[in-house]
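Any read-out appearing in this document is the output of simple, stated calculations on the displayed coordinates, not a laboratory observation. Just so we're clear, the structure is a prediction, and the values are computed from it rather than from any experiment. Every residue, glycine among them, receives a Cβ derived from its backbone with ideal geometry; neighbour counts consider all protein chains shown.
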Amino acid sequence: MNIAILLAGGSGTRTEQDVPKQFINVYDKPIIIYTLEAFQNHPDIDGIVVACLDGWQTILQAYAREAGITKLHHIVKGGECGQESARNALRKLQGSCQEDDIVIIHDAVRPMVSAEIISDCIVTCRRRGSGLAAIRCQETIIRTLDGIGGDAYVKRDGIMRVQTPQAYLFGNVLEAHESAFKQGITNTVYTNILMLEMGKTLYFSKGSEKNLKITTMEDVEIFKALYRMKKEDWVK
Amino acid sequence: MNIALILAGGIDPDFQMSVPKQFVNVYNRPIIIYTLERFQQHNEIDAIVVACLDGWQEMVTAYAKQFNISKLRWVVQGGKDGQASAGNGIVKLQEECRDSDIIIVHDAIRPLVSDDTITDSIRVCREHGMGVAAMRTMDTIMRTQDGKVGTKSISRYSIIRIQTPQAYRMDRLADIHKKALEAGIMGQVDMNSVVSKLGEPVWFSKGSELNMKINTVEDVAMFKALYKMRQELEKEE
């Protein structure tokens, strides 16, 4: 089984809107629905769990039903941070998932995830035990402490930008989360950071510049443009 | 004076079209014209220089005239890389500019640069001698040797991604150019890389995710879509 976990627990302070990013409407659909559709339409995804910002569960359910997201099995409470959201979702899956089932953890605010990217993280996970969508940096990178000034040049080929989806074996990732929790590690935003702190080795899979995390209204604009592009393609 | 130095000297062998990216037509205008327009209509920009891919200078001059890029003063030859193109621009500008003038270096293939981004690079430059548009990454960062596997992460707050515009005081820019030649630093993608290779500090200004670089045919389509959306928004206002 391959189960997607969507992290939708964020409250969106960065976009300075009252509406959390994942619930911002684009062409009359909340962003999270576009993300859900990407997983709903993927033949290798068997089920979806959403860790949802408290207070928005009913809205999510309604829109999901409207959009025909039949694979959405559970909505659990989102946490104070990404780590807590993931942990809540993983615990919910304890009854239904086997050790070697694959969970695909993904930001609800990355709606531009392609079928290819989802496929590749699953394939890589089957082969290597994990698959993290990642890309090289195309720009020059400079080291900085404060974001105001910087000094050293960072070699681009020594780093990867790691996105989501991140695919892990259920047994491994649940254990890592529980271990971290017991040890009082509670503030890693992303599961990959947590896994690395637990000493794991992680494998990269296909990512994309277009697989943007929507954190500003400019990002929303980019998403709109991409969506319009895709629509025109389908019309052709 | 604030002078824009637009780098249009590049040719990308991986680009899927036979026309260089900066000259691909979108709604009947080459991409470079969209970029030039951003600087033409910015009220802090006094003049524009283009470092142009050899063979395309006529085209740039003609289209610039047609689309009223009246601030375009000079077209110089582009070089093999960003540093070389900028270098040719710097040599020309040294003849024409004062030490305190500000040179705003910008990629011709970033046609969506906003007024705000240009303004901020000039502002930071006035304060620190340079202002380089830069952005944090929202992704987590991991170290890798082969791009396939990793065991360590680095804080995403410890790095920043560099874009253009990159504003420099004329005397600073001329100095960097000279030092690079003396130190044998060549083939760099941009002047900012030269600065940090020289071990000197870099000062950042506001960047933007929308300030995208056109690298692929898909990016051209993205640009088209974003431009069209902007037009529609402006019509509504």
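Observations, loosely collected:
- Estimated vicinal HN-Hα couplings, Hz - segment B:48-58 in sequence order (Karplus 6.51, -1.76, 1.60; Gly, Pro = x): 10, 10, 10, 9, 10, 3, 4, x, 10, 4, 4
- With both residues required to sit in chain B, DSSP beta bridges show an antiparallel share near 40%.
- Interchain or long-range residues, amide H under 5 Å from A:ILE5's placed H: A:VAL49, A:ILE104, A:ILE105, A:HIS106
- Fraction of beta bridges assigned by DSSP in the protein assembly as shown that are antiparallel (%, nearest 5): 50
- The protein assembly as shown - mean residue ellipticity at 222 nm from DSSP helices (-39,500 (n - 2.57) per run, n ≥ 4, rounded to 500): -11500 deg cm²/dmol
- Amide H contacts of B:ASN211: none lie under 5 Å away among residues 5 or more positions distant or on a separate chain (H built 1.01 Å from N in the peptide plane; Pro and chain starts excluded).
- Residue-by-residue Karplus 3J(HN,Hα) for segment A:102-113, coefficients 6.51, -1.76, 1.60, Hz, glycine and proline x: 10, 9, 10, 8, 8, 5, 4, 8, 10, x, 8, 5
- Pairs exceeding 24 Å between alpha-carbon atoms, taken from A:LYS224/B:LYS80; B:LYS80/B:LYS197; A:LYS71/B:LYS152: A:LYS224/B:LYS80; A:LYS71/B:LYS152.
- Counting, for every residue in A:193-202, the Cβ atoms of other protein chains within 10 Å of its Cβ and taking the mean gives 3.
- Coil-residue chymotrypsin sites (Phe, Trp or Tyr not before Pro) of segment B:148-237, DSSP, other Cβ within 10 Å capped at 10: none
- Counting only residues at least eight positions apart within a chain, or on another chain, the lysines with an alpha carbon under 25 Å from that of A:LYS77 are A:LYS21, A:LYS29, A:LYS92, A:LYS182, A:LYS213.
- The H on the amide N of B:ILE154, modeled in the peptide plane, is under 5 Å from the matching H of B:ILE141, B:MET142, B:ARG143, each at least 5 residues off or on a different chain.
- Across segment B:90-103, computed HN-Hα scalar couplings (Karplus, 6.51 cos²θ - 1.76 cosθ + 1.60, θ = phi - 60°) run 4, 4, 5, 5, 4, 5, 9, 10, 8, 4, 8, 5, 10, 9 Hz from first to last residue, x flagging Gly and Pro.
- Positive minus negative residues near B:LYS206 (Lys, Arg vs Asp, Glu; Cβ under 12 Å): -3
- For chain A, the longest piece that avoids every one of the GluC sites (Glu not before Pro) found in DSSP loops with at most 15 other C-beta atoms within 10 Å covers A:100-236.
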